[in-house]
Amino acid sequence: MIHKALSLSHTLFSGHEDMQALRDGYGRGLLEAGENENVVVITADLEESTRCHWFSRLYPDRFFDVGVAEQNMAAVAAGMGISGKIPFINSYATFSPGRNWEQIRTLCAYNDSNVKIAGHHAGLLTGPDGATHQSLEDIALMRSMANMRVLVPLDALEAQRATVAAAGVRGPVYIRLQREKTPVITTKDTPFQIGRAYPLWIPKTKRVDVVLIGAGPVLHEALKAARDLEKKKIHSVVINVPSIVPLDTKEILSWVARAGAVVSVEEHSIYGGIGSAISELLSKKNPVPMEFIGVDGQFGQSGTGYELYKQYKLLSSDIIIATQKVIKRKRS
Amino acid sequence: MYISHARIKELYSTANQLRQDVIGMLESAGSGHSAGPLGMADIMSAFYFYILNHDPKDPSYDERDRLILSNGHICPIQYAALARSGYFPLRKLKTLRSFASPLQGHPHRLSLPGIETTSGPLGSGLSQGIGVALSARLDKKKFRTYVVLSDGEHGEGNTWEAIMLAGKYRLNNLTAVIDRNNIQIDGYTEDVLPLEPLRDKYEACGWNVIDVDGHNIEEFIGAVFEAKAVYEKPTVIIAHTIPGKGVDFMEREYVWHGMPPNKKQAREALRQLRKLGGKIKSEEE
Ligand SMILES: Cc1ncc(C[n+]2csc(CCOP(=O)(O)OP(=O)(O)O)c2C)c(N)n1
Ligand SMILES: [Mg+2]
């Protein structure tokens, strides 16, 4: 059942969920964070599509457009971040952190410069633009470097909270964002803290058969799967892990100890992403059967969000199949 | 070089046809870029129907000229030119950007014969062109390498790294063509990140520079032939174009960079293009 304590949206499962894009939440978050005069925003010729235009209108002096130059953007931001500023840099995730990864690694993370990297248009939902613009590797890229916090918001409201939280902590932070409108699952009363994971759906009974765990809008598919599984008397918990680094190991391990089986869900490569982070934790602390929902060693392609979720097996029906498989493995 | 009047006229009318194809493709895709493709229609017509040595029936034959599209987002115009050249059936054009189509939102080398390399991420076409041209030199191949790039992608450091390198190796088998339409996403190039004096910058890096009116096919072809005759340097042709060329409400408006026409706008665009027939040389405006 829906976890009441998290004050989730009343429209969840209603069939007419409120739809908002993560980037819109991010843009509002920038306005909120911008009340701090040290916050500056930089884009690489993508002002509107990365939703910097609300900030730039309100704070034109603290907004910079560097042209189509992601490496320059990251390095300029690194300079600002060691000069008392809190720069947010903005481009599509395939280009930032895709193209400017080394500038981010060495000049922002190793240098401990206070830079916040917003990777926009991540995942398959970038749709018709095709594989060149569909980032399926950014979590892996960012998670593997030291001194980088990695946030993957669930919905527009969580994106807004993550943005404000990122501005509030010292040091580099990566925020993964997506273009399309997706269901709003949380409300303004839903908690968010860097380093915390949240069970959105909890079992009705004491018994837990499986942990469904992941982050980002694709978790809506996991929630639908949990609801349908309950009808089949399979009791699950759906854990939202918006903070991939640092990871809420305590919350995760306590649920895994009870369930003994895990399915990870992400709109990202299954190599190096959220599933990998969870499985690294479990192989050290509590190895249990695990299945991975995500893109398996392929590039994306043009198509609608639905067509691509179907092609790469990210739908709730795919999650149900994976769940049945993992439960079978647990019992054998 | 002599090209008959009739031949030039034909190239203009092909360009007009390509523009109409692009409008239809973008309308049915419901997303994609309008300004760049329309602005480069005359040059693509000149390339595919006059300049390039190529064979649509044997797209990968060894001695073909290579055309690398660095600014991959303008691919609808290249797709239209490939289809009209006979690389694939015209009816496929309307599958642009849809699931399982060879016409990916940004060009993918493995999806469509005739696409020399994958692009979309800006700023790395010229480097790849250098790689192809250096390979041709090593293999003593005679083909030429053309790289089409945009003005906006001169923001990328990678573009300038390539400009300097081509100068270093005096790549006379390489010709770059810049779609100098003065727009990028966030506005006019000179407001977002000033590029001028662009000619001087290329010259300083060891290039032969030719400025042309990108809507004057004869002048453009003349420049390409001049480039072939320059043997000590690479040549860049700065093609001054009008983004959205041929559709009055799109011309010079940067908002049309990444927007497709809706049904009504597409109908109006097609009406205007049909009226223009094959004649849209800029002097005749
Ligand atoms: C590396 C990279 N960064 C950002 C983008 C997003 N982008 C696509 S087109 C474009 C504008 C570039 O200007 P230009 O190519 O001159 O556009 P046009 O004249 O065709 O409108 C940008 C920033 C990209 N495709 N690649
Ligand atoms: Mg341009």
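Of the residues B:SER135, B:SER98, B:SER111, the single one that is within 14 Å of another protein chain (Cβ to nearest Cβ) and free of Cβ contacts under 8 Å to residues at least 24 places away in the same chain is B:SER111. None of A:ASN111, A:ASN38, A:ASN72 is surrounded by fewer than 23 Cβ atoms within 10 Å (Cβ to Cβ) and either touching a residue at least 40 places away in the same chain (Cβ under 8 Å) or touching a Gly at 6+ places or on another chain (Cβ under 6 Å) (or both) except A:ASN38. Taking first residues from region A:45-68 that are touching a residue at least 12 places away in the same chain (Cβ under 8 Å) and more than 8 Å from chain B (Cβ to nearest Cβ) and partners that are of a type in the set (Val, Ile, Thr) and within 10 Å of ligand 1 (Cβ to nearest atom), the Cβ contacts under 6 Å between residues at least 6 apart in sequence or on separate chains come to A:THR50/A:THR43; A:CYS52/A:THR43.
Here is a yes/no grid of residues against (1) in a strand (DSSP E or B); (2) within 30 Å of B:GLY32 (Cα to Cα); (3) open to solvent by 40 Å² or more (accessible area, probe 1.4 Å):
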{"residue": "A:GLY297", "(1), (2), (3)": "no, yes, yes"}
{"residue": "A:GLY303", "(1), (2), (3)": "no, yes, no"}
{"residue": "A:LEU308", "(1), (2), (3)": "no, yes, no"}
{"residue": "A:LYS313", "(1), (2), (3)": "no, yes, yes"}
{"residue": "A:ASP318", "(1), (2), (3)": "no, no, no"}
{"residue": "A:ALA322", "(1), (2), (3)": "no, no, no"}
{"residue": "A:LYS328", "(1), (2), (3)": "no, no, yes"}
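Pairs are defined by a Cβ separation below 6 Å, a sequence spacing of at least 6 or placement on different chains, a first member in region A:295-321 that is facing chain B (nearest Cβ under 9 Å), and a second member that is of a type in the set (Phe, Trp, Tyr) and part of a loop (DSSP other than H, G, I, E, B); the pairs so defined are A:GLY303/B:PHE99; A:GLU307/B:PHE99.
Looking at A:THR94, is it open to solvent by 30 Å² or more (accessible area, probe 1.4 Å), within 13 Å of ligand 1 (Cβ to nearest atom), of a type in the set (Ser, Thr, Tyr) and modelled with pLDDT of 95 or more? Criteria met by A:THR94. For region B:15-51, give me each residue that is in a helix (DSSP H, G or I), within 16 Å of ligand 1 (Cβ to nearest atom) and more than 16 Å from B:ARG267 (Cα to Cα). If the condition is that a residue be in a helix (DSSP H, G or I), within 16 Å of ligand 1 (Cβ to nearest atom) and more than 16 Å from B:ARG267 (Cα to Cα), then B:ALA35, B:GLY36, B:PRO37, B:GLY39, B:ALA41, B:ASP42, B:ILE43, B:MET44 are the ones that fit. Of the strands (runs of 3 or more DSSP E) contained entirely in region A:214-272, those carrying at least 3 residues that are touching a Ser or Thr at 6+ places or on another chain (Cβ under 9 Å) and crowded, with 20+ Cβ neighbours inside 10 Å fall at A:262-269.
Checking the structure you have, find out if any residue of region A:21-30 is over 15 Å from A:ILE117 (Cα atoms), in a strand (DSSP E or B) and modelled with pLDDT of 95 or more. Yes, region A:21-30 contains a residue that is over 15 Å from A:ILE117 (Cα atoms), in a strand (DSSP E or B) and modelled with pLDDT of 95 or more. None of B:GLU10, B:GLU27 is at pLDDT 95 or above and under 23 Å from B:TRP256 (Cβ atoms) except B:GLU27.
Pairing residues of region B:238-252 that are without any contact (Cβ under 8 Å) to a residue 60 or more places away in the chain with residues that are of a type outside the set (Val, Ile, Thr), at Cβ distances under 6 Å and at least 6 apart in sequence or on separate chains, gives B:GLU251/B:GLY244. Among the residues making up region B:212-256, those that are open to solvent by less than 10 Å² (accessible area, probe 1.4 Å) and in a helix (DSSP H, G or I) are B:ILE217, B:PHE220, B:ILE221, B:ALA223, B:VAL224, B:ALA227. Of everything in region B:145-162 that's open to solvent by 10 Å² or more (accessible area, probe 1.4 Å) and away from ligand 2 (no atom under 13 Å from the Cβ), which residue is nearest to the other protein chains (Cβ to nearest Cβ)? Step by step, filter region B:145-162, then rank; the result is B:GLY157. Taken over region B:51-89, the criterion of being touching a residue at least 60 places away in the same chain (Cβ under 8 Å) and either among the small types (Gly, Ala, Ser) or more than 21 Å from B:ALA136 (Cβ to Cβ) (or both) is satisfied by B:SER70, B:ASN71, B:HIS73, B:ILE74, B:ALA80, B:ALA81, B:ALA83, B:ARG84. For region B:196-211, what are the residues that are within 16 Å of ligand 2 (Cβ to nearest atom) and assigned to a helix (DSSP H, G or I)? If the condition is that a residue be within 16 Å of ligand 2 (Cβ to nearest atom) and assigned to a helix (DSSP H, G or I), then B:LEU198 is the only one that fits.
Can you pull out the residues in region B:52-75 that are within 26 Å of B:GLY39 (Cα to Cα) and assigned to a loop (DSSP other than H, G, I, E, B)? Walk me through it before giving the result.
Taking region B:52-75 and keeping what is within 26 Å of B:GLY39 (Cα to Cα), we get B:52-56, B:59, B:64-75.
Those that are within 26 Å of B:GLY39 (Cα to Cα) and assigned to a loop (DSSP other than H, G, I, E, B): B:LEU52, B:ASN53, B:HIS54, B:ASP55, B:PRO56, B:PRO59, B:ARG64, B:ASP65, B:SER70, B:ASN71.
Would you point out the residue of region B:169-195, among those that are within 21 Å of the chain's Cα centre (by Cα), away from ligand 2 (no atom under 12 Å from the Cβ) and in a loop (DSSP other than H, G, I, E, B), that is surrounded by the most Cβ atoms within 10 Å (Cβ to Cβ)? Of everything passing the filter in region B:169-195, B:LEU171 is surrounded by the most Cβ atoms within 10 Å (Cβ to Cβ). Here the condition is being under 17 Å from B:ALA41 (Cα atoms) and more than 16 Å from ligand 2 (Cβ to nearest atom); of B:PRO243, B:PRO260, it holds for B:PRO260 alone.
The values are calculated or read from the model by the stated rules, or taken from the named source; none is laboratory data. Being a predicted model, the structure only gives us computed values, none of them experimental. Note: ideal-geometry Cβ built from the backbone for every residue, glycine included; neighbour counts use all protein chains shown. We work out accessible area using only protein heavy atoms, side chains counted, and drop any ligands, DNA or RNA first. Shrake-Rupley method; radii C 1.70, N 1.55, O 1.52, S 1.80 Å.
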